[in-house]
Amino acid sequence: MNDTDTPDFRENEITMTAWTTRSETAADIPAIREILLAAFPTALEADLVDALRADPKAWIDGLSMVSIDPDGAPAGYALITRCHVDGEPALALAPCAVPPSVQRTGAGSAAIRSALDAARAMGENLVLVLGHADYYPRFGFTPASRFGIRAPFDVPDEAMMAMALDGTRPVPTGTIEYPAAFGV
Ligand SMILES: CC(C)(COP(=O)(O)OP(=O)(O)OC[C@H]1O[C@@H](n2cnc3c(N)ncnc32)[C@H](O)[C@@H]1OP(=O)(O)O)[C@@H](O)C(=O)NCCC(=O)NCCS
């Protein structure tokens, strides 16, 4: 178990909350699906996670992270899976999800930081994320184009982001190859 360092203010409460995080267990799978269904307008992301979990080429045990509420229930979710850049192994951070009622209380950031820390501890380096350009830079992501990395589809430059977990190591350049479950 990892305790996050960053306490966050929970709206309408006067206490500070430090989210506890851990990698998923089999018992968390239904709750993770519920989080994804609540956070996104369709079941696309929930189905994507189930498909990734079933793909041994994409799934990496220990990189599916939940933040846990005070009752011990999963409240936030972040997944990192295997992708490639020009044939070289890299990681994709997707999806990240928190139910609307819990959003902006730090549950998402805690799960993301925990997933990135676990990947770093495994000796992984390059992580890619497609998402909000005003959210992911706080974790160290910058436009992937600065690394010479591009998405395999048209996307605004600032939305396709990359980060080296160990800035002293080289990263591959080229086009991202996502696991088949992404359907791109
Ligand atoms: C995006 C998401 C995972 C963030 O998790 P969270 O627990 O709500 O976020 P945190 O509390 O950790 O962080 C709060 C910060 O994130 C920002 N943030 C939250 N959602 C955001 C969004 N959709 N776009 C931009 N910034 C966002 C908040 O403005 C806040 O910024 P501040 O710290 O400068 O005030 C969550 O809001 C969510 O599930 N959203 C719907 C699904 C989604 O869009 N997932 C991401 C796909 S790329």
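Worth a mention:
- The mean of 1/r over all distinct Cα pairs in the chain, once inverted, gives the Kirkwood hydrodynamic radius of 16.6 Å.
- Among beta bridges that DSSP assigns inside the chain, antiparallel share in %, nearest 5: 90 percent
- Only Lys, Arg, Asp and Glu carry charge here, each on its Cβ (+1 for the first two, -1 for the last two); on that basis the chain has a dipole of about 300 debye about its Cα centre.
- Exposure proxy order (Cβ contacts within 10 Å, fewest to most) of Arg146, Arg120, Arg82: Arg146, Arg120, Arg82
- Among Leu37, Leu48, Leu116, Leu126, a tally of other beta-carbon atoms within 10 Å of each Cβ gives an order, fewest to most, of Leu37, Leu48, Leu116, Leu126.
- Burial ordering of Thr81, Thr42, fewest other beta-carbon atoms within 10 Å first: Thr42, Thr81
Quick note: the coordinates plus some simple rules give every number you see, no bench work behind them. All figures in this text were calculated on a predicted structure; none of them were measured in a lab. Heads up, the Cβs are rebuilt from the backbone with ideal geometry, glycines too, and the neighbour counts pull from every protein chain shown.
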